[in-house]
Amino acid sequence: MKALFDIDGPALRLVTKIAYSVYLNILWFICCLPVFTVGASTTALFYVTLKVAKDEEGSLTRSFFCSFRKNFRQATIIWLILLGLGILLAVDGYVFYHMRFDSVIWALGAAVFVVALAAYAIVLIYIFPLLARFDNTIRSMFKNALMIGMRFLFCTALMALIYFLMVLVVVRFFTPAIIFGEGLCALLCSYLLSNVLRLCEEKTGTATENGFQKPSASGNEEQKWSVKDVHGTAKIGYLWEYYKLPIVIGCIFLYIAGYMLHGYLTHKDTVLSAALVNVSNVISSEELSTDFLDYLGTDVRKNKVVLYEGLYLTDDETNPDYGYVYASNTKITASIAGQLLDVVLMDRKAFDMLAQKGCLCNIEEFLIQKDPDLYEKLRSDLVSNTVILKDNALDTQLDDSATYSAVTDKYPMGVNITGSPLLPESGINGALYLGIISNAPHTDAAVEYLRYLTDPLS
């Protein structure tokens with residue numbers, strides 16, 4: 001027990017290395033402040049933590065800044081590339097999620113996006129430790145980071161778990177943990193990477209203080225075994241090392257095939273597609289979706305109502321949720337263009353915006369043609385709005401002296417359904433308007449849906 005707390009005992013060494021990680025985290029954070037130096041700072045951090053993991057730390061400050069200066073150019077270029085790719089993936093993922101549709105195209109896109117995101121995460125985890133340890137071109141660094149990450153999947157999963165847990169602790173439980181978070185993560189990952197880097201050195205060449213020295217072409221190339229020569233877990237490692245690309249591609253196609261098979265077996269015909277825009281506090285959407293099928297007397301096992309929830313529109317660019325508005329607008333536009341939307345339930349703001357864009361049909365003409373009796377019952381609840389047919393908004397942006405002018409038309413575009421007793425049951429409060437999309441694919445169902453919501457009013 002006494003030996004445990006000796007000056008060279010494991011307890012004191014553990015405390016010392018945790019203290020090292022805190023100090024290194026401070027250096028890393030300070031050197032990251034210009035943002036574009038994050039790559040160089042992270043590389044320097046791993047340069048020192050890899051030494052600490054091998055008990056070769058020496059002077060922490062001197063080693064940190066030595067690596068920072070030595071790898072600054074290459075690390076900065078890599079970081080800027082990763083930052084650009086990360087922003088692109090984040091925007092694509094955000095928009096892609098809010099544009100999800102029940103189709104094979106979406107499933108294929110989802111598979112490609114997930115693979116791209118996984119590849120990006122693997123590269124992000126490995127590339128700076130590799131840069132800290134080895135000398136190579138930027139292109140080779142990206143390639144090696146991806147290949148090593150795929151080769152040592154268990155290590156990759158553990159490193160990803162370490163970062164995830166630290167982010168979870170900082171965000172949800174103990175925010176001050178940020179003062180040692182990255183430093184501790186880098187130290188723990190360095191212990192995991194020690195064996196991985198050693199195996200890479202033994203397989204490819206020898207590591208030096210100044211980088212990675214590749215072996216000469218002396219004919220001492222690695223012999224590729226036959227799968228028949230290995231057994232047990234070694235066979236799995238062999239298959240993964242030499243056939244990882246076909247395995248990954250095969251998994252993607254299996255996912256797509258499984259998705260298509262599942263869609264075929266569970267397919268339901270869409271009776272109606274509706275969207276809730278600027279409608280919050282929805283407790284239950286059953287009254288607005290599946291209960292409508294019961295109203296029609298339709299078999300719910302073979303038919304469905306598609307209800308898009310959580311969409312938000314505003315023309316206020318200062319709104320903190322304006323990025324979400326972009327995604328919502330993209331989804332609505334795509335749904336209308338693809339004839340995937342019939343009815344919109346919305347507040348006055350969304351009603352005005354969609355009306356101006358010409359998305360809503362003349363509901364007076366629509367009802368007179370489809371159901372004159374329903375038109376007579378709802379005549380007093382019809383609400384007119386203005387559609388902009390043509391304007392010079394672009395000219396006013398280019399020329400400050402230009403005066404805005406527009407050619408407009410005004411006609412009934414919606415029904416005020418605020419008084420429907422179905423809305424409070426769904427948790428919806430406030431004024432609510434129903435509009436029918438001008439190119440709605442299920443016009444008969446749209447009429448029945450309007451009748452379903454407004455029958456209690458008549």
Q.
Going residue by residue through region 341-351, is there one that turns out to be touching a Cys at 6+ places or on another chain (Cβ under 9 Å), in contact (Cβ under 8 Å) with a residue 40 or more places away in the chain and closer than 19 Å to residue 386 by Cα?
A. yes
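Which residue, of 431, 445, 440, is over 32 Å from the mean Cα position of the chain (by Cα), within 20 Å of residue 290 (Cα to Cα) and assigned by TED's automatic domain parsing to the domain that holds residue 350? Before the answer, list the steps.
Working: 431 fails: within 20 Å of residue 290 (Cα to Cα); 440 fails: over 32 Å from the mean Cα position of the chain (by Cα).
Sole residue among the options that is over 32 Å from the mean Cα position of the chain (by Cα), within 20 Å of residue 290 (Cα to Cα) and assigned by TED's automatic domain parsing to the domain that holds residue 350: 445.
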(Q) Of everything in region 273-298, what is at pLDDT 85 or above and either over 19 Å from residue 348 (Cβ atoms) or over 28 Å from the mean Cα position of the chain (by Cα) (or both)? Give them in sequence order. (A) 273, 291, 292, 293, 294, 295, 296, 297, 298
(Q) Suppose we keep only residues that are out of contact with any Ser or Thr (no Cβ under 7 Å at 6 or more places or on another chain) and closer than 15 Å to residue 441 by Cβ within region 300-331. Which one would you say is surrounded by the fewest Cβ atoms within 10 Å (Cβ to Cβ)? (A) 303
Q: Looking for whichever is among the basic types (Lys, Arg) and more than 25 Å from residue 289 (Cα to Cα) here; the options are 370, 377, 390. Which one fits?
A: 390
(Q) Restricting to region 285-323, give me the number of residues that are in contact (Cβ under 8 Å) with a residue 40 or more places away in the chain and of a type in the set (Phe, Trp, Tyr). (A) 2
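Go through the residues of region 197-217 one by one and say whether even a single one is part of a helix (DSSP H, G or I), among the β-branched types (Val, Ile, Thr) and modelled with pLDDT of 60 or more.
Kept after step one, since they are part of a helix (DSSP H, G or I), are these residues of region 197-217: 197-204.
From what is left, the residues that are among the β-branched types (Val, Ile, Thr) are 204.
Now narrow it down to the ones that are modelled with pLDDT of 60 or more: none.
For region 197-217, residues part of a helix (DSSP H, G or I), among the β-branched types (Val, Ile, Thr) and modelled with pLDDT of 60 or more: absent.
The values are calculated or read from the model by the stated rules, or taken from the named source; none is laboratory data. Here the structure is a predicted model, which means the values were calculated and not measured. Note that we place each Cβ from the backbone using ideal geometry, even for glycine, and neighbour counts take in every protein chain shown.
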